[in-house]
Every structure is written in C-alpha cells, then in structure tokens.
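The values are calculated or read from the model by the stated rules, or taken from the named source; none is laboratory data. Not measured: the values here are computed from a predicted model. Heads up, the Cβs are rebuilt from the backbone with ideal geometry, glycines too, and the neighbour counts pull from every protein chain shown.
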Amino acid sequence: MTSGFFTYLFRKSDLARFILIPVFFLALWGIISVILAVTEKKPVLTSINPPIGIPGDVIALQGMHFGDEPGDSWVEIAGNRVSSSAYLKWTDTTILIILPGTVEDGLIYVHTSSSKSNALAFANRNNIPIAARTDSEEGLPLITSVSGSQSGQGTYKTGELIT
C-alpha cells in the first residue's frame, strides 16, 4: 500500500475519516504524554531541618525538583496537607514551612503536578515521651557505700555495713 491509497481513501470515505482522525489525535496525545512523562522530574526529599519541631517552628525541606513556586504542588505532613499560607519560601531545592498548630508525627512528602516524593520522618516534640525523673531522697532506697571485707558471689551483707 502506498500513501496515495490512504490519501484517496481519506478523501473518498466518510468511515475512513471517522476512524483515522480520532486515531491521529490519540497518537498525538500519546506522544505528548510520553514526552511530558520523560521530562517531568520526580521530586526528591534529601533532608528535613530540624526533623523534630513544635507548632509554630520553621522547618526547611531540602531536595530537588520541587518547582520554582507552589502552584499545584503542596507538602503533606502525617497525611495532612499543609495550607498555602504556611509556606515562607518555595524554590526548586528548598521549601520553608511554618509548622501548623495541628502538626503530628509522621512522614513528610512533597507533591508536585507530576508525582509524589520519597518520604522522610518528622516528629512533634510535644508528642515525644519524656522519662520521669526520680529523686533518690524521695522514697527509693539507695546504697551509697559498702564497708568491710570483700564478699564473693552469692554472699550478702547485712546490718551496719550497708549505708
């Protein structure tokens, strides 16, 4: 078959036009989609500084391919989208965010129009448990010294030798 046959068929047949025109546009759309998919870079998070914070703190997200401005992009912390008013700075490699009052521990992602970044962990300092302090003078026994001769394993001392 030659190109002359397709030209003749296209000019003379309504059915050929009905089929070939959508096929042409679908092929064109497919080519454009592939080109965009290849040229769009996936965002990559490399660090969060600091990785532990409290509401109101400013954190810096470092990485690549965030885009030069938020536009259709956003940051997700622990499954919650950060509001656009929390962004202090947005460049292709750095995002500065004021942590919202409802921030929780969890994974941070950067979403762009093309895809979602890898995850990095963030912790809310208010949710980190703190070990209880014990004061030895308030009810807990404390051995401060042992006097007398050395005892071997399995022996014990009593009385005035333990203070």
Practice task
Could you check residue 69 against (1) under 17 Å from the mean Cα position of the chain (by Cα); (2) under 15 Å from residue 114 (Cα atoms) and say which number it fails?
Solution key: (1)
Practice task
Tally the residues that are of a type in the set (A, V, I, L, M, F, W, C) and in a loop (DSSP other than H, G, I, E, B), restricting the search to the range 43-64.
Solution key: 1
Handout entry: Selection within the range 49-63 - surrounded by fewer than 15 Cβ atoms within 10 Å (Cβ to Cβ) and within 13 Å of the chain's Cα centre (by Cα)
Key = 49, 51, 60
Problem - Selection count, the range 14-42, where residues are touching a helix residue (DSSP H, G or I) at 6+ places or on another chain (Cβ under 9 Å) and either in the same structural domain as residue 77 (by TED's automatic domain parsing) or not in a helix (DSSP H, G or I) (or both) - result: 0
Fill in the blank from the handout: When residue 16 is run through (1) surrounded by fewer than 13 Cβ atoms within 10 Å (Cβ to Cβ); (2) more than 32 Å from the chain's Cα centre (by Cα), the failure sits at (1)
Practice task
Being under 19 Å from residue 115 (Cβ atoms) and surrounded by fewer than 10 Cβ atoms within 10 Å (Cβ to Cβ) narrows it down to one of 39, 46, so name that one.
Solution key: 39
